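K.L.:
Take this structure first; my questions come after.
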Amino acid sequence: MGKAQEDGNRQQPRHLKRIPTILAAGFFLFMVLTPPPRGLVAMMSEPSPVGYRLQSGTKTITGSVNKVLKADLSPEEIARKAKVMIAVLFMAALLWATEAIPLGATDLLVGALLYLFFILPFDTISKAYMQDAVFFIFGVLTIALGVGKVGLDRRIGLLMLSGIRGIKGFCFIFLPLLAIAAGFLSEHALIAILAPVLLRAYRLICDAQELERDRPLALMLLLGICFAANQGGPGSPAAGGRNAVMVGYLKDHGAPISFGQWVFYSLPFVLVCSLAVGAAIYLMLGRRVKSRNINFSQFFREEVQKLGPMSRGEITMAVILALVVVLWVAGSKQFGLGGPCVFGVVLMLIAGTVSWKDIQLGVRFDVVGLYAAACAMGVGLKITGGSLWLARSAIDLLPPSLRGGDSLLLATSLFTATMTNFMSDGATVASVGPVALAMASVSGVHVWKVGFACAFSSSFANMLIVGTPNNAIAYVSGEDPRTGERLVHLKDFLLYGIPVTLIACLTLWLWTILGYWRWMNWP
């Protein structure tokens, strides 16, 4: 694994890595040294701004931030902090996307800047780095490690891919079914379970056809499930926190929506979008696959027959995995997603399924740190008002003709899809949602339509791994299980994620907003 990592680093000349580093540093210094825009300063004194959650007993962002920091800063000083947070967001996104410096270095840099500019109290920064999503990422990577170590991934693959015989079946049958499942179950859990299974299938196929590597096949498998699960997120309110946030906003606007109503308006989108994404994966990657006459079910059946009866380790791992999934589905409100993961890891250590040394060697802690830094950035952007100002600035760019009717829906979805690739989907909906719903009320557009346009588009985080845990899991899993060669690179998310995001947006616009929604009744 170390050699593969070194080989990957050698592929990019050192002088090319300096370019994004210099650009990131220059952009950050420019943002820090220049004064904040007047609109940002004015927003800090605005009474009860829509889209910002004030601290109790305060009426403005200035008062709210001062209460958090226990300080007495002016609106301009707080606006500077918001501007610094925006600079941190884009600088970190550039460094993560290019890997100009090691991922872990960028993870720590974010925290160092939060401390240096006193964006948040010290204890709050530490808490922001250790949110539920961080424990979830660590847990699912460790569970995936245990599943692969005992060989349970092969048996899971037999069950989930037994009916899939070739590339077309994978793209046009399995991926849409996965997208629908991701609308009702934890898409992150599905990716964590499937990724090692598909990597095992990849290695078996390459060995059977005497191929050293077939990177298009690996990309098709890993990016395929990742993008399908992302686009399946709008399927129901249970799919993710972003949908739950929007349900709460709609209720606050006096337009509550039920679980069944959400599914009724969203499921046709998921069906068509997942088929479109499957077609895109097939055209971009499926036709480039070197391996021919692939039969997934055949490989898994042959492999499982060699395994014989389930071993004690497999049974133990299966019980732990089932327990974690049950807690995810039934107890996520009480325990979150990270709690069951940590509980599962502890059981794995007690049972001897994995050792702490296995975890140290097998889990990419720099990617765990990446999500910790992303969570911290989200907290900083939210408290300083930086995320709200980004959302308002994006909407203010719209001409008057795009601030009403279907045009408002198109613009809302475009801005949300852009922002969700740089920050978490929940934070994106929390920032854009209130502003967009307020505009809907003013312009006479049904608030459900705007709420759906925002929530659906927050699932289109296909271009950077900071947008959703799905991307991070697919990236971490993207190593050849035998050689340790890295098969999925960060630039692959940009290269293939941009077309998929455009397809998802076009499907939302043409098939949903300008399509079947026009003939549906809106209460």
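Read-outs throughout are calculated quantities, based only on the coordinates presented, and are distinct from any laboratory measurement. Everything numeric in this text was worked out from a predicted model, so none of it was measured. Don't worry about glycine lacking a Cβ; one is built from the backbone with ideal geometry, like all the others, and counts go over all protein chains shown.
K.L.:
With 20 Å bins from zero, work out the P(r) of the chain over every alpha carbon pair and list the percent per bin.
P.N.:
In whole percents, the pair-distance histogram is 22, 56, 21, 1.
K.L.:
Among L495, L397, L113, L194, which comes first, second and so on when ranked by fewest other beta-carbon atoms within 10 Å?
P.N.:
Lowest count first: L397, L495, L113, L194.
K.L.:
Note down the relative contact order for the chain as a percent, whole number, built from C-alpha pairs under 8 angstrom at least six residues apart.
P.N.:
About 23 percent, as a whole number.
K.L.:
Helix 103-116 versus the longest principal axis of the chain: what is the Cα-based angle in degrees, 0 to 90, to the nearest 10?
P.N.:
20
K.L.:
Can you pull the one-decimal nm distance between simple spin-label points at S355 and M520, each 7 Å off the Cα toward Cβ?
P.N.:
In this crude spin-label approximation the distance works out to 5.4 nm.
K.L.:
Net charge around F365, counting only other residues with Cβ within less than 14 Å of its Cβ (Lys, Arg = +1; Asp, Glu = -1)?
P.N.:
-1
K.L.:
Let me ask something else about it. Mind running the shape call on region 80-136? Use the C-alpha gyration tensor, a ≥ b ≥ c as the square roots of the eigenvalues: rounded below 1.5 for a/c, prolate if a/b tops b/c, oblate otherwise.
P.N.:
Since a/c reaches 1.5 but b/c is at least a/b, the shape of region 80-136 is classed as oblate.
K.L.:
A further question on this structure: Could I have the simple spin-label model distance between E212 and F184, label points 7 Å from Cα toward Cβ, reported in nm to one decimal?
P.N.:
In this crude label model, E212 to F184 measures out at 4.6 nm.
K.L.:
What FRET efficiency comes out for K70 versus V319 if R0 is 45 angstrom and r is the Cβ-Cβ distance? Round to the nearest 0.05.
P.N.:
0.40
K.L.:
Based only on other Cβ atoms within 10 Å, what is the fewest-to-most ordering of F122, F422?
P.N.:
By the 10 Å Cβ count, ascending: F122, F422.
K.L.:
Can you sort D123, D366, D207 by how many other beta carbons sit within 10 Å, fewest first?
P.N.:
D123, D207, D366
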